[in-house]
Amino acid sequence: MSKIEGERDFLPVRIAVLTVSDTRTLENDKSGDTLVTRLEDSGHILADRKIIKDEVPALVEQLQAWIDDDGIEVVIATGGTGLTGRDVTPEAFAQVQEKEIPGFGELFRWISYQKIKTSTIQSRAVAVLANGTYLFALPGSTGACKDAWDDILVHQLDARTRPCNMVEMMPRLKEHMV
């Protein structure tokens, strides 16, 4: 388990939340609400929030807008990671990514296995890096959002987490672009 120690200061991260769904609205988006509550309770900043239908072009357009926005450091998407014909979030992420972060999906499925056993193989949770922005795609269930935040993201998006975290790398993510 990650731990927080030492003299490091907490650094709030600017996070956009994207719900991928043909049916959700802001009034009934429980997974999006779960993420917003958790990130704000952790001291981070909600930079933007949108609901986009399960359509690759629309998702890519929104992701690219956030990737190009210097005011957004992390995007967390919920929904569209399953196996049905309408689940296209990983495909949209693949169109904008520069680097994969395979350990995220692997760790998420390991954590999920502890709770839902082999059903976790139906999840295509992924994480990528694009233009210095971290992007995480989570399943659409509130339980999956809680698991991803509570067991992975809350630690990796906290600069105080040792031995290392994703926040401390942020200043160096665009080194290849200079």
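The values are calculated or read from the model by the stated rules, or taken from the named source; none is laboratory data. Bear in mind that the values here come from a model prediction, so they are computed numbers and not experimental data. Don't worry about glycine lacking a Cβ; one is built from the backbone with ideal geometry, like all the others, and counts go over all protein chains shown.
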**Fill in**
Here the residues within segment 92-112 that are under 15 Å from the mean Cα position of the chain (by Cα) and assigned to a loop (DSSP other than H, G, I, E, B) are Gln97, Ile101
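Among the residues in segment 144-165, are any in contact with an Asp or Glu (Cβ under 7 Å, 6 or more places away or on another chain) and among the β-branched types (Val, Ile, Thr)? Give the steps one after another, and end with the answer.
Initial filter on segment 144-165 (in contact with an Asp or Glu (Cβ under 7 Å, 6 or more places away or on another chain)): 159, 162, 165.
Next, from what is left, pick out any that are among the β-branched types (Val, Ile, Thr): none.
Looking through segment 144-165, none of the residues is in contact with an Asp or Glu (Cβ under 7 Å, 6 or more places away or on another chain) and among the β-branched types (Val, Ile, Thr).
Can you tell me which residues in segment 65-91 are more than 20 Å from Thr142 (Cα to Cα), touching a residue at least 60 places away in the same chain (Cβ under 8 Å) and assigned to a helix (DSSP H, G or I)? It would help to see each step written out before you state the result.
Residues of segment 65-91 that are more than 20 Å from Thr142 (Cα to Cα), as a first pass: 65-73, 85, 91.
Now narrow it down to the ones that are touching a residue at least 60 places away in the same chain (Cβ under 8 Å): 66-68, 72-73.
Within segment 65-91, Trp66, Ile67 qualify.
So, in segment 34-58, of the ones that are in contact (Cβ under 8 Å) with a residue 60 or more places away in the chain and part of a helix (DSSP H, G or I), which residue ends up surrounded by the most Cβ atoms within 10 Å (Cβ to Cβ)? Quick ask: steps written out before the conclusion?
We begin by selecting, within segment 34-58, every residue in contact (Cβ under 8 Å) with a residue 60 or more places away in the chain; these are 34-35, 38-39, 42, 44.
If we keep only those that are part of a helix (DSSP H, G or I) too, we end up with 34-35, 38-39.
Numbers: Thr34: 21, Leu35: 28, Arg38: 18, Leu39: 24.
Per the stated criteria, the residue is Leu35.
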**Asked** Inside segment 113-130, can you point out the residues that are over 16 Å from the mean Cα position of the chain (by Cα) and in contact (Cβ under 8 Å) with a residue 40 or more places away in the chain?
**Response** Gln122
**Prompt:** Going by the conditions given, is Met177 touching a residue at least 12 places away in the same chain (Cβ under 8 Å) and under 17 Å from Val74 (Cα atoms)?
**Reply:** no
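Which of the residues that make up segment 123-147 are part of a strand (DSSP E or B) and either of a type outside the set (Ser, Thr, Tyr) or within 10 Å of Phe93 (Cβ to Cβ) (or both)?
Narrowing segment 123-147 to residues part of a strand (DSSP E or B): 126-130, 133-138.
Val126, Ala127, Val128, Leu129, Ala130, Leu135, Phe136, Ala137, Leu138 - these are the residues of segment 123-147 that are part of a strand (DSSP E or B) and either of a type outside the set (Ser, Thr, Tyr) or within 10 Å of Phe93 (Cβ to Cβ) (or both).
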**Message:** For the structure I just gave you, tell me whether Glu61 is more than 17 Å from Pro139 (Cα to Cα), in a loop (DSSP other than H, G, I, E, B) and over 15 Å from the mean Cα position of the chain (by Cα).
**Reply:** no
**Asked** Name the pairs whose Cβ atoms lie under 8 Å apart, with the first residue in segment 146-173 and closer than 17 Å to Ile67 by Cα, the second among the acidic types (Asp, Glu) and at pLDDT 95 or above, and 6 or more positions between them or separate chains?
**Response** Val167/Asp158; Met170/Glu73
